[in-house]
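Peer 1: Next up is a structure, given as structure tokens.
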Amino acid sequence: MSTLFISDLHLCAGRPQSNRSFFGFLEREARSARALYILGDLFEYWVGDDDLDDPFNATVVAALARLVSGGVPTYLMHGNRDFVIGEDFARASGVALLPDPALIKLYGQSVLLMHGDTLCTLDLEYQAFRREARSQPWISRLMQQPLAERKAAVEALRRKSEQEKRGKPAEIMDVALAEVELTLRRYGYPLLIHGHTHRPAHHVHTVDGHACERWVLADWYQGGSYLAYDQSGCRALQLNRS
């Protein structure tokens, strides 16, 4: 039995192909997994657990709940698009919320799980916004707005972010290698798995004489893959689109 890792699905009602891939993945590959870890940006955006009754959101929650009730522990980490997912969502879906970063043990190996955005330290503008948006005053102001106004505000932020990205050099939106090495050193040279950058790859970093693997998960916009990890190691597998 393998432990599976996914991230950056960006699910929303307007992406039917990604949605079908996700629901099919839960029914096929994930059904026989030892555990499933979702490392952020499950949704295109999430504006609060009071939106659980939205028909699309309810379908996602029900699918996760079926997987968990079928005996597959499922863990969810916040991403930069869905960081206000809360305990009501966790209770309804059966998932366990993970901190970012989370250091776990798998098959005798230390594994560091991250969404990945905190590694992109060269993007100073994004990091400043992230600090503000994750603060309790910012979240409290957001949650005090009616649901429809929250959705409109987040949509506006999303459009602004996409416009700003087009003007940024690609390299500053990727991880900073110095930050990766610092993180690996801080956590004792673990295997590192993260998403966020939408640049799926397998890297090996030599830090203080330690060879540390770093696996970057794919987004699911146009295709995507998932990471399977067992006693023989990690391997990236393409989604079954049938």
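Peer 1: Determine the gain in length on full extension of the stretch Ala102-Glu125; use 0.36 nm per residue of separation and subtract their C-alpha separation, reporting nm with one decimal.
Peer 2: Result for the pair: 5.8 nm of gain on full extension.
Peer 1: Sort 36-47, 227-238, 71-82 by packing, meaning the average of other beta carbons within 10 Å per residue, with the highest value first.
Peer 2: Result, highest mean Cβ count within 10 Å first: 36-47, 71-82, 227-238.
Peer 1: Rounded, prolate or oblate for the stretch 80-172? Axes are the square roots of the Cα gyration tensor eigenvalues, ordered a ≥ b ≥ c, and the cut-off for rounded is a/c under 1.5.
Peer 2: Because a/c hits 1.5 or more and a/b fails to exceed b/c, the stretch 80-172 counts as oblate.
Peer 1: If you don't mind, another one. Ranked highest first by the average count of other Cβ atoms within 10 Å around their residues, in what order do 178-185, 19-26, 150-157 fall?
Peer 2: Ranking the peptides 178-185, 19-26, 150-157 by packing returns 19-26, 178-185, 150-157.
Peer 1: Under 28 Å from the Cα of Lys160, which lysines turn up, not counting those fewer than eight places away in the same chain?
Peer 2: Lys151, Lys168
Peer 1: Using helices alone, what [θ] at 222 nm do you get for the chain, with -39,500 (n - 2.57) per DSSP H run of 4 or more residues, divided over all residues and rounded to the nearest 500?
Peer 2: -10500 deg cm²/dmol
Peer 1: In nm, what is the difference between 0.36 nm times the number of residues separating Arg34 and Asp230 and their Cα-Cα distance?
Peer 2: Length gained between Arg34 and Asp230: 69.6 nm.
Peer 1: Under the rule of at least 5 residues apart or a separate chain, name every residue whose amide H is placed under 5 Å from the amide H of Leu97.
Peer 2: Amide H neighbours of Leu97: Leu76.
Values quoted throughout were computed directly from the atomic coordinates according to the rules given, and no laboratory measurement underlies them. From a predicted model like this one, the values you see are computed outputs, not experimental measurements. In this analysis, Cβ positions are derived from the backbone assuming ideal geometry, glycine residues included, and neighbour counts consider all displayed protein chains.
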